[in-house]
Structure formats: structure tokens, C-alpha cells
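To keep things clear, I will list the structure first and then write my remarks on it.
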Amino acid sequence: MDPWITIDSTTVPGSDTELTLSQRNDDFAIRISGVPGDLMNSRMHHSEEALAELACSRLSTIENARILVGGLGMGFTLAAVLKTVPESAEVIVAELVPAVVEWNQGVLGQCAGRPIEDGRTRVQLGDVVDLLKHQAEKFDAILLDIDNGPEAMTSSDNEWLYSTGGLKKIYEKLRPEGIVAIWSARADQIFTTRLKKAGFIVELRTVRARPGKGSRHTIFLGQRPWGASAR
Ligand SMILES: C[S@@+](CC[C@H](N)C(=O)[O-])C[C@H]1O[C@@H](n2cnc3c(N)ncnc32)[C@H](O)[C@@H]1O
């Protein structure tokens, strides 16, 4: 089998963590230094797409929907959002690592069909945590796939997002009936309870890494009830 070749590496802003892009024939992998396995692999993206489909299916007929995607990665989630929502939608993608955006503008972009070039996409370079704290406008869906689950991996600052305070902020930033969807490598009872405490109607879905096979991943779905006030 051909070996993986490192194409580029970069440092995650505000940390010593190194992110590497590697290629083997038509396959790509993004890896974090010192962490076993891949942060993202171009051969397995079924659950990343399911994240988008589960969160956005109700938006297929809603005009001017606003969607926030946290973490560009290889763009599979973004591409699946764009397939689901109408032409009038605006999809904001927050990506912490500038090199990830550059990789998607180059060779990596071919994996998901170059979704950052879609007219509905707005790439916002920076931390999704800052965007949530400082953006005034609300969203119909907030999709997070920035770690391996509700615990910080890429950046220690991500920890806040999964805390009660972070979840309450997400709740505040959703329009009525808006949905937060969080990708995770596994289910987590404590986190499920925390989502409920923040006010969400919660559902967990299990999705395979590839259609009908591969690891089982969890998508946490939390819906802000119609007419509910912020907690
Ligand atoms: C697992 S990948 C996302 C995979 C993506 N769902 C896909 O379909 O390819 C995680 C991405 O989140 C980014 N990221 C991590 N923490 C972030 C943060 N706080 N704000 C924005 N992006 C972040 C990483 O740099 C990486 O590009």
C-alpha cells in the first residue's frame, strides 16, 4: 500500500497544537499532533453529512434561513447543508485554522465539491465560540463538528461550548424551533442531561461512518421549542 505523504502542516491559533494534511492517492486525512487517529478522513463522511441532513431537513422550504457550521474540515457537512437548503439561505462557516481554508481553496476542495465557492457560503475565519458570543443575528440551525464529541480536542477554548454556559448561549442564538446539532464519536449521558437543562428538546441519533457500515457515531440534536424564552 502507498504511504501517506504530508502535504502541509500548521499550528492551531492560540496553541501549540499542530494540524497536518496528508494524502495517499485520492484520500486525504487531517490529523492532530499527539492524538491517535484522524480528525477527519475523506473516505468516511457519512455521519458528517447526516449531521447536516438531520439539522437542516426542516429548512428545505424556509426562505432566508441562516445556518452556522462550526468547523470546515473537508467541507462534507457544508456541502450537505447546501444540498438541503434553498437558494435564499445563508450558510456561515466558522473555521479556526486559516490553513484549513487554504487547503479547501486548493487540492482538498475537490473532496466535497468545493462548497466554499457556493454563493450561499460565507467563510468566517476565527473561533466559532467568538462568533456565538459576538454575533447579534440568530440562526435556524447551528451545526458543530469541531472536536471528537462534547469535549475539547482541537482547542482547549472549545470546552466552554459544551458547558452549561455555552449551551445556554447556543440556545439564545437560535430562532424559535431552531436546532443545534453536535457530532460526537459516542453517546454521552451527562451531556444529554446538560442539553435538556439548557432548555432543548433532545434527541440522539446513531449514524454509521459509512453507509451501512463502519463505526457508530452519535449526533446530538437539540431543538429550541417554539415561543420559549432564553433560560
Ligand atoms: C472534524 S473537522 C470538521 C469536519 C467537517 N464536518 C467535514 O465535513 O469535513 C473539525 C474542524 O473544526 C475546526 N475547529 C476546531 N475548533 C474550532 C473552533 N473553535 N472554531 C472554528 N473551527 C474549529 C478544525 O480546525 C477542523 O477544521
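Does region 173-200 hold any residues that are farther than 21 Å from D145 by Cβ and either touching a Phe, Trp or Tyr at 6+ places or on another chain (Cβ under 6 Å) or of a type outside the set (K, R) (or both), and which are they?
P176, E177, T193, G199
Using beta carbons and a limit of 8 Å, which pairs, at least six apart or on different chains, have the first residue in region 51-80 and over 30 Å from L19 (Cα atoms) and the second one within 7 Å of the ligand (Cβ to nearest atom) and β-branched (V, I, T)?
Close Cβ pairs satisfying both conditions: none exist.
Can you tell which of G71, G113 is at positive phi and surrounded by 24 or more Cβ atoms within 10 Å (Cβ to Cβ)? Let's see the steps before the verdict.
On the way: G113 fails: surrounded by 24 or more Cβ atoms within 10 Å (Cβ to Cβ).
Within the list G71, G113, the selection yields G71.
Considering only residues of region 2-17 that are touching a residue at least 12 places away in the same chain (Cβ under 8 Å) and away from the ligand (no atom under 12 Å from the Cβ), which is surrounded by the fewest Cβ atoms within 10 Å (Cβ to Cβ)?
Checked region 2-17; the qualifying residue surrounded by the fewest Cβ atoms within 10 Å (Cβ to Cβ) is P3.
So which residues in region 86-112 are of a type in the set (G, A, S) and either more than 16 Å from the chain's Cα centre (by Cα) or away from the ligand (no atom under 11 Å from the Cβ) (or both)?
Step one: of region 86-112, the residues of a type in the set (G, A, S) are 88-89, 94, 99, 106, 109, 112.
Of everything in region 86-112, those that are of a type in the set (G, A, S) and either more than 16 Å from the chain's Cα centre (by Cα) or away from the ligand (no atom under 11 Å from the Cβ) (or both) turn out to be S88, A89, A99, G106, G109.
On the given criteria, is N148 outside any strand (DSSP E or B), touching an Asp or Glu at 6+ places or on another chain (Cβ under 9 Å) and farther than 24 Å from P225 by Cβ? So that I can check it myself, show each step before the final result.
Details: outside any strand (DSSP E or B): yes; touching an Asp or Glu at 6+ places or on another chain (Cβ under 9 Å): no; farther than 24 Å from P225 by Cβ: yes.
When the stated conditions are applied, N148 does not pass them.
Looking at L54, L39, L21, which one is modelled with pLDDT of 95 or more, within 11 Å of the ligand (Cβ to nearest atom) and of a type in the set (A, V, I, L, M, F, W, C)?
Numbers: L54 fails: within 11 Å of the ligand (Cβ to nearest atom); L39 fails: modelled with pLDDT of 95 or more.
Only one candidate qualifies: L21.
Which one is surrounded by the most Cβ atoms within 10 Å (Cβ to Cβ) among residues in region 79-102 that are under 18 Å from V128 (Cβ atoms) and of a type outside the set (A, V, I, L, M)?
E95
Can you pull out the residues in region 113-160 that are within 22 Å of I62 (Cα to Cα), within 9 Å of the ligand (Cβ to nearest atom) and of a type in the set (D, E)?
Matches in region 113-160: none.
The values are calculated or read from the model by the stated rules, or taken from the named source; none is laboratory data. If you're wondering where the values come from, they're calculated on a predicted model, not measured in any experiment. Here the Cβ is made from the backbone with ideal geometry for all residues, glycine too, and neighbour counts use every protein chain on show.
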